[in-house]
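Working notes, structure below.
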């Protein structure tokens, strides 16, 4: 007999009947203001707390949160963000199921877990992301719409209208607030860079580095020789005050 | 007389130079030194460390301008997936003469500077003349060049050598917060927490240079502003934990 994760039965019942009790994962990083709301409960989400099916998770200013779901999916949530876990079904014996979540505001890094990639989907108020790979950053604001940057794998990216864009690793796309379709995939611009930075910095200042920036570090390491040669040619700090040695004691 | 003074000066230079050997792979902390978590101690003062494991890289004494006010340094780094993603540089200037007489600290950057993004000065007493027991407590968010051209500071050179030994990525610039205070009457203490911006806000077409993180360049990039704003907010929250023991 298969051992289904407790949330598995939720597929066939209205979420609201069970939303108050069913854990689907837990918080592994919480910095400053991180709240979880489900049913009539609204409380701080601290490290080790359950992430509940159907819950809204929100972060305040200068805050960050990382959650790991039962299938190994990791969500890194930037400051001033809000997500909702819409659907989660996971059969641990076969690593099958579905996960659907919504990013209502802010920015999120999504690193998929052990289920087949097509088991995952992420929505924003004006876009839909069908996941064909493992790691991406997505941001949404009412003014700017949705911005996507894919770090590993491929994401099928759609707006509310016809047409989808297949965005591969290293590329970005966006669905502007007043647009129905995504822009062609292209190397990331300032909006994508800002989304990545907002996630990375929100998490990295609070967390042990091993949970701070999955996916990004390995690619950064590839640039080590470039960094070394850049440092070799960059001017050294020469101001005595830089490290206290101003003699003005 | 002049000859005697010159010889004395040479002897003094030789003496203090011996206290500050240039870092080398051989003089770094041993590769198998256990990692540090929570806090580190230098010259009897505690300095909290952000979460995660830290590696002690190098510890040394730098003579400064006069031998009775040397600075003791401790350099730490955290390494993740082959990348030095954070560094902590701790240093304490401890006086052996005129112990309670101090001038103000020019490094509080009252006027800001090209690499300074945020400044807060709670106290920087003393002015240009030695003053008994002046209060000192300031901090700033700044970018620090990890450049080596022209000769890097021993602390930075040690980080590069450590990265070389570990086969780790060492960035050309780091960004973070430096806190300066005087908790004890005879010593001024500093701690700087630095992050690798190549990790926080990756450059789209290469690696960051020190010029990329000057204040004027930061103001023109949303990703950099987010990074600096978040580090500034972090520093504000971190500061109370450094005030244990009070500042004199």
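The values are calculated or read from the model by the stated rules, or taken from the named source; none is laboratory data. These figures come from a predicted structure and were not determined experimentally. In this analysis, Cβ positions are derived from the backbone assuming ideal geometry, glycine residues included, and neighbour counts consider all displayed protein chains.
A single entry from B:123, B:158, B:152 fulfils the requirement of being more than 10 Å from every other protein chain (Cβ to nearest Cβ) and farther than 17 Å from residue B:187 by Cα: B:158.
One line per residue, one yes/no per condition, for (1) crowded, with 24+ Cβ neighbours inside 10 Å; (2) in contact with a helix residue (DSSP H, G or I) (Cβ under 9 Å, 6 or more places away or on another chain); (3) not in a loop (DSSP other than H, G, I, E, B):
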| position | (1), (2), (3) |
| --- | --- |
| A:86 | no, yes, yes |
| A:93 | no, no, no |
| A:109 | yes, yes, yes |
| A:121 | no, no, yes |
| A:140 | yes, no, yes |
| A:148 | yes, yes, yes |
| A:157 | yes, no, yes |
| A:170 | no, yes, no |
| A:174 | yes, yes, yes |
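Of everything listed in (1) surrounded by fewer than 23 Cβ atoms within 10 Å (Cβ to Cβ); (2) at the interface with chain A (Cβ under 9 Å from one of its Cβ atoms); (3) touching a residue at least 40 places away in the same chain (Cβ under 8 Å); (4) within 15 Å of the chain's Cα centre (by Cα), the single unmet condition for residue B:109 is (3). Every condition in (1) buried (at least 16 other Cβ atoms within 10 Å of the Cβ); (2) farther than 30 Å from residue A:197 by Cβ; (3) more than 10 Å from chain A (Cβ to nearest Cβ) is met by residue B:133 except one, and the failing one is (1). Summed over segment B:160-174, residues that are touching a helix residue (DSSP H, G or I) at 6+ places or on another chain (Cβ under 6 Å), in a helix (DSSP H, G or I) and surrounded by 19 or more Cβ atoms within 10 Å (Cβ to Cβ) total 1.
If you go through segment B:33-44 and keep only what is farther than 19 Å from residue B:166 by Cβ and part of a loop (DSSP other than H, G, I, E, B), you end up with B:38, B:43, B:44.
Within segment B:80-97, the residues that satisfy the criterion of being under 22 Å from residue A:221 (Cα atoms) and buried (at least 22 other Cβ atoms within 10 Å of the Cβ) are B:80, B:83, B:84, B:85, B:86, B:87, B:88. Only one of the numbered conditions (1) touching a residue at least 12 places away in the same chain (Cβ under 8 Å); (2) within 11 Å of chain A (Cβ to nearest Cβ) is not met by residue B:237, and that is (1).
Yes or no, residue by residue, for (1) within 27 Å of residue B:46 (Cβ to Cβ); (2) more than 10 Å from chain A (Cβ to nearest Cβ); (3) in a loop (DSSP other than H, G, I, E, B):
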site	(1), (2), (3)
B:140	yes, yes, no
B:176	yes, no, no
B:181	yes, yes, no
B:204	no, no, yes
B:211	no, no, no
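Being farther than 17 Å from residue A:206 by Cα, out of contact with any strand residue (DSSP E or B) (no Cβ under 8 Å at 6 or more places or on another chain) and touching a residue at least 12 places away in the same chain (Cβ under 8 Å), is that true of even one residue in segment A:59-77? So far as segment A:59-77 goes, yes, one or more of its residues are farther than 17 Å from residue A:206 by Cα, out of contact with any strand residue (DSSP E or B) (no Cβ under 8 Å at 6 or more places or on another chain) and touching a residue at least 12 places away in the same chain (Cβ under 8 Å). Being at pLDDT below 90, out of contact with any helix residue (DSSP H, G or I) (no Cβ under 7 Å at 6 or more places or on another chain) and either surrounded by fewer than 20 Cβ atoms within 10 Å (Cβ to Cβ) or over 30 Å from residue B:101 (Cα atoms) (or both) is true of residue B:205.
Kindly indicate the residue of segment A:36-47 that is in a loop (DSSP other than H, G, I, E, B) and out of contact with any strand residue (DSSP E or B) (no Cβ under 6 Å at 6 or more places or on another chain) and also nearest to residue A:71 (Cα to Cα) among those meeting that condition. Across segment A:36-47, the extreme among qualifying residues is A:39. With respect to (1) more than 12 Å from chain A (Cβ to nearest Cβ); (2) in contact (Cβ under 8 Å) with a residue 12 or more places away in the chain, the lone exception for residue B:63 is condition (1). In segment B:183-197, the residue that is surrounded by the most Cβ atoms within 10 Å (Cβ to Cβ) out of those that are within 11 Å of another protein chain (Cβ to nearest Cβ) and over 16 Å from the mean Cα position of the chain (by Cα) is B:197. Criterion applied to A:83, A:77, A:57 was being within 14 Å of the chain's Cα centre (by Cα), within 17 Å of residue B:233 (Cβ to Cβ) and modelled with pLDDT of 95 or more, and the one residue passing it is A:77. Restricting B:157, B:129 to those that are in contact (Cβ under 8 Å) with a residue 24 or more places away in the chain, on the phi < 0 side of the Ramachandran plot and within 20 Å of the chain's Cα centre (by Cα) reduces the list to B:157. Among helices (runs of 4 or more DSSP H) entirely within segment A:185-249, having at least 3 residues that are in contact with a strand residue (DSSP E or B) (Cβ under 9 Å, 6 or more places away or on another chain) and at pLDDT 90 or above singles out A:190-204, A:224-233.
Count of segment B:213-234 residues, restricted to those that are within 8 Å of chain A (Cβ to nearest Cβ) and closer than 30 Å to residue B:134 by Cβ, is 3.
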